[in-house]
Amino acid sequence: MRPELLKGHLDALLLAVLEEGPRHGYAVIESLRTGSGATIDLPTGTVYPALHRLERAGLIASDWQTVGGRRRRAYHLTAAGIRALGEHRAVWDEFSAAVTALLGGGTRPSTA
């Protein structure tokens, strides 16, 4: 998938992945990849800055966990993040319905 297609949707995708529960950065990347059938395969240089930005905005929070003897920062949604995800979903539903109506190849509704 071309990166420009994700522009404006990265925050929603990250929030959606974290809705399933706390994850460290690499697990977030893996969830995006597996959840999208390997269509969304983002580099760490894209995901980590976005996670830090979402944390500064108060939409996610993090804490340190020890997994397999290694310390990792795990991210989770805040109450504000849950609300933001709901808003992203509503916008996406409206947008995707409009795009599907235009590109879906079916008959478009009449405006007359």
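The values are calculated or read from the model by the stated rules, or taken from the named source; none is laboratory data. Because the structure is predicted, anything quoted here is derived from the model rather than measured. Positions of Cβ are backbone-derived with ideal geometry, glycine not excepted, and every protein chain shown enters the neighbour counts.
Below is a table of values for the structure above.
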{"quantity": "Cross-chain or 6+ apart pairs with Cβ under 6 Å, the stretch 75-95 first and farther than 14 Å from G8 by Cβ and aliphatic (A, V, I, L, M), then at pLDDT 95 or above and part of a helix (DSSP H, G or I)", "calculated": "L77/L18; L85/L15"}
{"quantity": "Boolean, L85 is of a type outside the set (S, T, Y), surrounded by 14 or more Cβ atoms within 10 Å (Cβ to Cβ) and in contact with an Asp or Glu (Cβ under 8 Å, 6 or more places away or on another chain)", "calculated": "yes"}
{"quantity": "Tabulated pairs, the stretch 22-45, first part of a loop (DSSP other than H, G, I, E, B), second basic (K, R), C-beta under 9 angstrom, 6+ apart or interchain", "calculated": "T39/R33; I40/R33; D41/R33; L42/R33"}
{"quantity": "Residues of the stretch 53-80 satisfying the condition of being surrounded by 10 or more Cβ atoms within 10 Å (Cβ to Cβ) and either at positive phi or among the hydroxyl-bearing types (S, T, Y) (or both)", "calculated": "G58, S62, Y75, T78"}
{"quantity": "Residue check, E30 surrounded by 14 or more Cβ atoms within 10 Å (Cβ to Cβ) and closer than 18 Å to G8 by Cα", "calculated": "no"}
{"quantity": "Failed item, numbered, when A27 is tested on (1) within 12 Å of the chain's Cα centre (by Cα); (2) of a type outside the set (S, T, N, Q); (3) at pLDDT 95 or above", "calculated": "(1)"}
{"quantity": "Residue under evaluation G81, criteria (1) under 13 Å from G25 (Cα atoms); (2) modelled with pLDDT of 95 or more, criterion not met", "calculated": "(1)"}
